[in-house]
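Visitor: Got a structure for you, questions after.
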Amino acid sequence: MRTTFFSTVAALAGTSLLATPAVAQQGTPDGPIKFYARLYHESSTCQPGGRTSAYVDSGSKGCTNITVNGGGSAEVIVGDIGKYFLAGWTGSDCTGTVVLVESNIRSCIDFGGVEIKSWSNDLRFGE
């Protein structure tokens, strides 16, 4: 009888705990990813296995300083063709010369020996 009483009390206590609403902090959620490129530091053919970096944008990111040596490569993973273009710059803060522009998904870009120091995804054709 005692076991049944304690089991019932324990079950009711668990039920009341489950029925208590949890208070959660409401934050501002991140927007959806609009652009994502993977940068390969040690592979000119976008092969995994070495160091990689990600360039991710869910809004208006602008320029990101990530240096990748000339033996590296990059590929666009997510992006609207005709709207977003991966641009690699020879200088920090998206200065210097643009050495690559790519908008095709899963197309691997070899840097051809040129070190890339910064990245943007808002370059327009003709710039």
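Visitor: Go through segment 78-97 and give me each residue that's part of a strand (DSSP E or B), buried (at least 16 other Cβ atoms within 10 Å of the Cβ) and either among the basic types (Lys, Arg) or at pLDDT 80 or above (or both).
Guide: Listed by number, the residues that qualify are LEU86, ALA87, GLY88, TRP89.
Visitor: Among all residue pairs at least 6 apart or on different chains, which show Cβ distances below 7 Å where the first residue, located in segment 40-53, is over 9 Å from GLY71 (Cβ atoms) and assigned to a strand (DSSP E or B) and the second is among the charged types (D, E, K, R) and at pLDDT below 95?
Guide: Note: pairs meeting the criteria are THR52/ARG38.
Visitor: Condition first: of a type in the set (Lys, Arg) and modelled with pLDDT of 85 or more. Can you find one or more residues in segment 53-72 that meet it?
Guide: no
Visitor: Please verify whether segment 40-51 includes one or more residues that are closer than 21 Å to ASN104 by Cα, loosely packed, with under 10 Cβ neighbours inside 10 Å, modelled with pLDDT of 65 or more and among the β-branched types (Val, Ile, Thr).
Guide: First, the residues of segment 40-51 that are closer than 21 Å to ASN104 by Cα: 40-41, 43-48.
Subsequent filtering for residues that are loosely packed, with under 10 Cβ neighbours inside 10 Å retains 45, 48.
If we keep only those that are modelled with pLDDT of 65 or more too, we end up with 45, 48.
Next, only the ones that are among the β-branched types (Val, Ile, Thr) stay: 45.
The answer is yes; a qualifying residue exists.
Visitor: Oh, and also: Step by step: first the residues of segment 104-116, then only those that are surrounded by fewer than 18 Cβ atoms within 10 Å (Cβ to Cβ) and outside any strand (DSSP E or B), then the one that is modelled with the lowest pLDDT. Which residue is that?
Guide: Of everything passing the filter in segment 104-116, ASN104 is modelled with the lowest pLDDT.
The values are calculated or read from the model by the stated rules, or taken from the named source; none is laboratory data. The shown structure was predicted, so the numbers you read here are calculated from the model rather than taken from an experiment. All Cβ positions, glycine included, derive from the backbone under ideal geometry; neighbour counts span all protein chains shown.
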